[in-house]
Every structure is written in structure tokens, then in C-alpha cells.
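The values are calculated or read from the model by the stated rules, or taken from the named source; none is laboratory data. Everything numeric in this text was worked out from a predicted model, so none of it was measured. Please note: Cβ atoms are built from the backbone with ideal geometry, for glycine as well, and neighbour counts cover all protein chains shown. Surface accessibility is based on the protein's heavy atoms, side chains included, excluding ligands, DNA and RNA. Shrake-Rupley method; radii C 1.70, N 1.55, O 1.52, S 1.80 Å.
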Amino acid sequence: MGIRFRKRIRLAPGLHLNLSGSGLSMSAGPRGASMTFGGRGGTYMNAGVPGSGLCMRERVGAAPSRAGSRSAGSSGGNTVTMSIKITVEDDGSVTFRDQAGNLLDERLIKQAKAQAKDAIQGLMQTACDEINGHLEALERIHHATPAPDWRPAYEPQPYPEPKPSKPVPRKDGFLDKLFGSRRARIDKENAEAEATYNASMLIWNRGLREHEAREQARKVLLTEKVLTEVPAMEIVLEESLMDIIWPRETSLESEIRDDGRVVMIDVDLPEIDELPRKTAAVPARGYKLSIKELPVTRHQQLYMRHVHGIGFRIIGEAFAMLPKAEEVVLSGYSQRPDKATGEVQDQYLYSVRVQRPEWARINFANLDDVDPAEALGRFNIRREITKTGLF
């Protein structure tokens, strides 16, 4: 049986800051995180999960003096408030706009910079780290590859539903004992609460038994069936690969043969044009990131390391998750136009056959120093590639 599955990862684009009311608000990274400062009460970091109603607020700066508070937000009826959006653009420049999208004049920009210099520079650093982090993630995808002798241990997961609380019966008061109707109403309320509790316990216990049955099945899957049954091997491999956070959208198909001894994998690799080309640096002075294009050769080498890193990681997961696997054959392809017809077709970039004993010779404790392209080159591999990384 073959496995087909696809893992999609979308990276959050852009970086924005917003200034509104009596203070400046900035957001970076995932929606729901922001920093608010200026105005009254100092500087706070806010974090929340959009749509959940959950939020957290923590002071990260000292509150201003009373005089400062009055001057910032309590200057009387002549105070004018406006909303300002501050954005780190693709070219690294920082722009200041009003709600209508118009650029602010230099006076307001100077005021915003004076109020929030450190915070804006911190946000520029966040933007820089995000840009460079994408490149690092592409080159380091193989760093988390498990060693072939690593075995996933079964770890029982607790039942997530809290146990219903047993109601405390309401006791009769002095007046309740005097009036039968009041005592009857209390008895009815106690009986209803007890009935609700008993019904909740029935549902909770049923859910607990189902959870325990699933956990027992998962334990048997990881400790017994993965050693003997091909369908179990397929499930374990699929779940392992689906748990990986891929920097780019990755899809693959796999087939387990010879009672689990051979694993065949086809992986759809990204094309070189899909990889980022920019690096960034925060200047010591000024409000513009230094954005540079990667040299063509460096970009080709990045692509070479990334597509080989994908194969390296998948092969490692297969050997680690499937103890019976003796051989992994992995082929990576991408969609490229055929030079004869111009039609976009699947073209294989490399195909590699790896035996477990040879794979075990890699030092998995020092993957920082392992080049995945050179590592796969040690095995029986078919590929045509230049020294600069051009397939």
C-alpha cells in the first residue's frame, strides 16, 4: 500500500506597527501580539490568540511620572489624537502613514521617532531576524534528523477533559425547616444538581474509556505492530513526517515493500525561484534595514542544500521510525519546463538508495557540520549538479 499526504506551511508575511489614541502600538509576527507604549501607564506587552478571547498583558517598562502622564494624555480639551501606521517595507525602509494611508509630514514623524525610538528599532530587528530566519530554516532543515538507532518511546497522553465536580448539597436553613415548600424546593434543586452531575459523569467516563482505548491502540502501534505490520508502518511514518514543520510546502508519496524492509519515497521539491533571495541587517543609525540580494551562486547553493536537506531529513525519519527498514530509496523531483516542448513536467533532480548500516556511520550528534548534499553523495545516488549547485 502507498501513502499519499501533503503538509502545507504558510509563513506569515509582512510586519506592521500601529500608532493610535495616546500611544504607539506595534505588531510583529503572528496576529495577536503587540506592544503598546506612550500615553498613560508605561509600556506593556500584549499577547492573545485571535478569536479565542484569551489575552495576556505584562508591563515591560516603567510607568511615566505623574507629570509625564498628565502632559502625554491629559492636556485638556485641546488634545488631538490620531492613528498612525508604521510599516517596515520590503526594501527595509520605515514609513509613517495616517489612517487614510497618506505619508505623515516630518514633524509628526519626528515626534513618533522621539517617543518610540527603542521600540521601533526593536521591531526593525524583529523584521531583520524574520528575513534571515527564513534562509537559516532552509539550510538547517536536516539538523533535527534523528539517528537510526533512536526509537520513539510511547508516552501516554492524559485525558484532556476535566472531571466534573460533585455538587455540594444545599442544606436547609432555619426558615427552610419551618416551611415545607421551601424545603421541597431545596430538595428539588439538590436532586436536579445530582442528576446533572451523574449525567456528566456518564459522559466523562465514556470519553475516558474511549481515550484509554485509543492510547492502548497507539501504544501497541508504536511498540509492537510497527515491527511486524506494513499498514502500521505506513501510519507511523506518515504521522512522523506530518509532524515536521517544513519551511516550504512539501508533498510526498511513499510505498513500503518486502514486509517493511524497503521504503520507496517520491518527494515533490520546491523550485529554486520559490526560495527567498534577500538578507537583512539593522544599521547602527537610521531607520532603514540594509537589504541585499543573495549572489546567484549563493542562491544556487542554498537551493542545493535545501533540497538535499529535505531528502536527508525524510530518510532519517524513515530509518528511525521503522526499525525493520533496511533500505530507503528516495527520489526528489520538481516541476520544470521541458526544453523540447516548453511544457511543464515533473523532472527528477536526484535519486538516492541508502542502506541502514551506511546511514548509521553519519555522526548525528554533529549535524551542524554535515552538508546534506555531500552526505547523500556518499551513497548510491543519481544526479547531475554543478559545483555551484545548479541542477
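Computed quantities for the displayed model
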| item | result |
| --- | --- |
| Count - residues of segment 159-177 that are modelled with pLDDT of 75 or more and either farther than 18 Å from Lys188 by Cα or in a helix (DSSP H, G or I) (or both) | 7 |
| Set Val370, Val354: member being closer than 21 Å to Gly133 by Cβ, open to solvent by less than 70 Å² (accessible area, probe 1.4 Å) and at pLDDT 90 or above | Val370 |
| Filter result for Pro323 (in contact (Cβ under 8 Å) with a residue 60 or more places away in the chain and not small (Gly, Ala, Ser)) | yes |
| Scope segment 262-280; condition more than 23 Å from the chain's Cα centre (by Cα) and open to solvent by less than 10 Å² (accessible area, probe 1.4 Å); matching residues | Val263, Ile265 |
| Conditions (1) at pLDDT below 95; (2) out of contact with any helix residue (DSSP H, G or I) (no Cβ under 7 Å at 6 or more places or on another chain); (3) open to solvent by less than 10 Å² (accessible area, probe 1.4 Å); number of the one not met by Gly316 | (1) |
| Flag if Pro156 is modelled with pLDDT of 85 or more and either assigned to a strand (DSSP E or B) or at negative phi (or both) | yes |
